[in-house]
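What follows is a short report on a single structure.
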Amino acid sequence: MAGDSPAAVGQAWTTGLCDCCDDCNSCCLTFFCPCVAFGLIAETLDRGRITCGTAGITYCWLQPSTVCPSVCNTMYAWTYRQKLRAMFGMTPEPCADCCVQFFCERCALSQMYRELKNRGLNPANGWVVNYQKMTSAPIAMQDMRR
C-alpha cells in the first residue's frame, strides 16, 4: 500500500511547482477552489481521518481573503506538505516548503494534488476509493488454451 513503508529518503517531486497546466482539472480546482482542493489533499494524506469538508472549511477559515494567504493558513498547509514528503520518502525541506506555501500558495496546492495523482492516490476519488483500489487483489488473467 502506498505510504506504508516510505521509499528511500531523497526522492524528488514527480512534478514541478510551475507545472500547473500539465493537469488542467487540478489546475482549475486549486486556483478557483483552493479550499476544496486542500480538503481533498488533506483527506488523502490523513488516510480518511479528517474529511475533505472539515479540512477544507478549516483551510478556508484560516485564510483572510481569497487572494492573500495568512501565516496560520500557510502553516496548516505546510504540515500537509511535510506529510506528503514523509509519505513518499522525499527529502525534507521545511524552510523551502514554508516559503513555497506562503508565496506560491495555489501552485503549491496544485503540485501536491498532482503529486498524489502521479503516485496513484487521486485526491478527487476520496480516501475510501483510493484505499479500496490499493487493497483490492489484481484481476487474474485467464489462459486461453484448452
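Computed from the coordinates by the stated procedures, all read-outs in this text should not be read as laboratory data. Here the structure is a predicted model, which means the values were calculated and not measured. Cβ placement follows ideal geometry from the backbone for every residue including glycine, while neighbour counts extend to all protein chains displayed.
Worth pointing out:
- Per-residue ³J(HN,Hα) for the stretch 15-31, Karplus 6.51 cos²θ - 1.76 cosθ + 1.60, θ = phi - 60°, Hz, x for Gly and Pro: 9, x, 4, 9, 8, 4, 7, 5, 9, 4, 4, 5, 4, 5, 4, 6, 7
- Radius of gyration and Dmax over the Cα atoms of the stretch 23-122, both given in Å: 12.1, 33
- Working from label points 7 Å from Cα in the Cα-to-Cβ sense, the residue 132 to residue 19 distance is 3.0 nm.
- Extension gain, residue 93 back to residue 12 (0.36 nm per residue minus Cα-Cα distance, nm): 28.0 nm
- FRET efficiency, 1/(1 + (r/R0)^6) with R0 22 Å, evaluated for residue 86 and residue 57 via beta carbons: 0.35
- Residue-wise HN-Hα couplings along the stretch 119-127, as the Karplus relation 6.51 cos²θ - 1.76 cosθ + 1.60 with θ = phi - 60° gives them from phi, are 9, x, 10, 6, x, 5, 7, x, 5 Hz; Gly and Pro carry x.
- Only the Cβ atoms of Lys and Arg (+1) and of Asp and Glu (-1) were treated as charged; on that basis the dipole of the stretch 23-122 about its Cα centre amounts to roughly 200 debye.
- Relative contact order of the stretch 23-122, pairs being alpha-carbon contacts under 8 Å that are 6 or more residues apart, as %: 29
- Computed over neighbours whose Cβ is under 13 Å from that of residue 10, the net charge equals 0, Lys and Arg +1, Asp and Glu -1.
- 41, 50 arranged by Cβ crowding within 10 Å, fewest neighbours leading: 50, 41
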